[in-house]
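Only one structure is covered here, and it is reproduced in the block below.
The values are calculated or read from the model by the stated rules, or taken from the named source; none is laboratory data. Model, not experiment: these values are computed from the prediction. When we count neighbours, we look across all protein chains shown, and the Cβ atoms used for this are built from the backbone with ideal geometry, even at glycine.
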Amino acid sequence: MRTVINLFNVIDHNEVTPFTLFVHSIIHSLALKHPEDEYIILNSTNKMINHYLPNVKSHLIEPPKRNPLVAYRYQRFVLPGLVRKMNADLLIEANGVCFRTKHVPQIILLDEKQSYKSRRLLDKVLFPISLKYAKSVVSFTQTTNSGWTKMYPGYANKSLLLQYAASNHFYEHTPEEILKVKDGYTDTRPFFTWYCDETNVALWEEVIKAFSLFKKWQQSHMKLVIVSYVNTHAIELKLKNYKHRDEVVIVNNPDEPISSKIIAASYAMLYPAKLKEMPLPVLQSIKCNTPVIVSKSVADIANDEQAFYWTEEPEHQSLSKQMILCYKNEEYRREKIESSNKIGQQYSYEKLLEEFDGLMRHKKG
């Protein structure tokens, strides 16, 4: 069975995102499980290439110019022609859109970008067409699943809801591994991590202010490591005149093994966005045995406020108080880790792989 996975996004050129890395890990896990199958991943950047299995291959594509008409031509003609030449048995689309062909079964994967209600003309044209040609539309949160099926009830029978789970790249690292990470990024000093993705990027000023208050009240040697999957130009400009600029480290677009090491080595991770679903980065932190500072809405999802450091509102004073509480009370921090581990057990990566594999096997026939 030959499966083509399209991670090449003709609309959004920032290909390395937490979601695409998540899909990448699923494919590698399934390729390990099925060495007789072949997997071809369409990329536009070599940042996504870390294939160590002989049955997983990358096909690099030169990105077109940022032009909606060119993007449409790629989606309508260039990429479908490429997939036909590859004689694929199955196509997995990780970008929320699929090709106009019924000859190859197609599975659409939806992240939380909500492209189904985008105002961009290209999204308005491509998404409903994609629903027509897709065999299955997979969401990983109830919000996304109910959102698109409410807008397009005629295709709701194609919907499938799977549950996020942190991949096997995320685990509790040894003290020796943690020391190497600290030595490489913070000169052996302890640090907080802020996970800056599309969900959290709007809160960057609150996070920086919270770190400033923490430094003011504690006078500690703690650093802040920003794990970023978005454009950090505005943040970097702000940091040029920031009092603690030498104590902030930005790591752009790390792959999952690197991200895992950074999270595992951090004293706590900040993920303050107000959400209605359990976000993947929080699950990754739990598997790394790292406590998380979140908004109360995330703690409510887990039905266990003891599992997280939480704030009513994601603003700097509340965040800094939780950072201080984490820093000053080691016993309380251990209790948070123990409670969060119980939450993490509800999100099984093995179960996710089994369900995803079953979906692919079914579509083979």
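Here are the numbers for this structure:
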| read-out | value |
| --- | --- |
| Candidates I286, I337, filtered to the one that is touching a Ser or Thr at 6+ places or on another chain (Cβ under 6 Å), of a type outside the set (D, E) and either in a helix (DSSP H, G or I) or more than 27 Å from L179 (Cα to Cα) (or both) | I286 |
| Residues (in a helix (DSSP H, G or I), in contact with a Ser or Thr (Cβ under 9 Å, 6 or more places away or on another chain) and not aromatic (F, W, Y)) located in the stretch 134-150 | N145, S146, G147, T149 |
| Hits in the stretch 289-333 - residues which are part of a helix (DSSP H, G or I), within 24 Å of Y171 (Cα to Cα) and of a type in the set (G, A, S) | A299, A307 |
| For R333: the one exception among (1) charged (D, E, K, R); (2) touching a strand residue (DSSP E or B) at 6+ places or on another chain (Cβ under 9 Å); (3) within 20 Å of K274 (Cβ to Cβ) | (3) |
| Filtered residues of the stretch 44-69 (kept if β-branched (V, I, T) and modelled with pLDDT of 75 or more) | V56, I61 |
| Considering residues of the stretch 185-233 that are small (G, A, S) and either modelled with pLDDT of 90 or more or in a helix (DSSP H, G or I) (or both) only, the residue surrounded by the fewest Cβ atoms within 10 Å (Cβ to Cβ) | A202 |
| Residue among E354, E331 that alone is of a type outside the set (G, A, S) and under 19 Å from P291 (Cβ atoms) | E331 |
| Qualifying residue in the stretch 111-133 (condition: more than 27 Å from S260 (Cα to Cα), part of a strand (DSSP E or B) and not aromatic (F, W, Y)) | no |
| Residues (polar (S, T, N, Q) and in contact (Cβ under 8 Å) with a residue 24 or more places away in the chain) located in the stretch 238-284 | N252, N253, S259, S260, S266, Q284 |
